[in-house]
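Okay, so here's the structure we're looking at.
FYI, it's all coordinate maths here, none of it is from the lab. The structure presented is a predicted model; accordingly, all values stated were derived computationally and were not measured. Note that each Cβ is placed from the backbone with ideal geometry, even for glycine, and that neighbours are counted across all protein chains shown.
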Amino acid sequence: MMECYLIAVESVLNEAFRWMILLENGAMYNSVPLQALCWKEDAPEPSLSDICTWDCLGETTEIVTLDMVRNWRVESKKGNGRYLFSIHFKTPEMWQNIPEQSKVCHFCTRDDGNFMSVVNNETRFLCSAVVRDKPLRMAPNEKVWFAE
């Protein structure tokens, strides 16, 4: 294992995110799959399907940090861990412009030492000061809203 910095992410339609990393020895690699990255030395080696919910839904993305939930615990079908940041798809290539199909990928640590990319409808954000009850089964938004 060699320490590295995540410095960029590339989104290619219908493929897994491709990460660019800078290693501690100065070498830079691109097109690194998420399964090659971990934050604990003894992390098991997962398959991409173990840690990623979806392939990319578009080729233009925006990375944002949802400050309110930064470092909150998350529970997901892909594992439990802590929220780091989110990747929003910004182009109309596929489903993201249909409200009930819109997906945001949340990049999180996993308790086993790996990272995961999970989506809203399969993830709970947990903070006892804010989240008090089990969530109700909520219907997705199916309407496009306009101000005029």
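Put simply, the amide H of Asn114, placed in the peptide plane, has neighbours under 5 Å in Trp39, leaving out anything fewer than 5 places away on its chain. For the chain, excluding the exposed loop sites themselves (trypsin sites (Lys or Arg not before Pro), DSSP loop, at most 16 other Cβ atoms within 10 Å), the longest remaining stretch covers 91-131. Here the calculated FRET efficiency for Met20 and Val131, from their Cβ-Cβ distance with R0 = 41 Å, stands at 0.75, rounded to the nearest 0.05. Relative to the current alpha-carbon distance between Glu122 and Phe85, full extension at 0.36 nm per residue lengthens the span by 11.7 nm.
If the cut-off is 20 Å between C-alpha atoms, which lysines fall inside it for Lys40, apart from same-chain ones fewer than 8 positions away? Once the sequence-local lysines are set aside, what remains near Lys40 is Lys78. Paramagnetic label reach from Glu59 (point 7 Å along Cα→Cβ; backbone nitrogen cut-off under 17 Å): within the stretch 26-46, residues 31.
Coupling constants for the stretch 66-75 follow from the phi torsions by the Karplus curve (6.51 cos²θ - 1.76 cosθ + 1.60, θ = phi - 60°), and in residue order they are 7, 4, 4, 9, 4, 6, 5, 5, 10, 10 Hz; glycine and proline get x.
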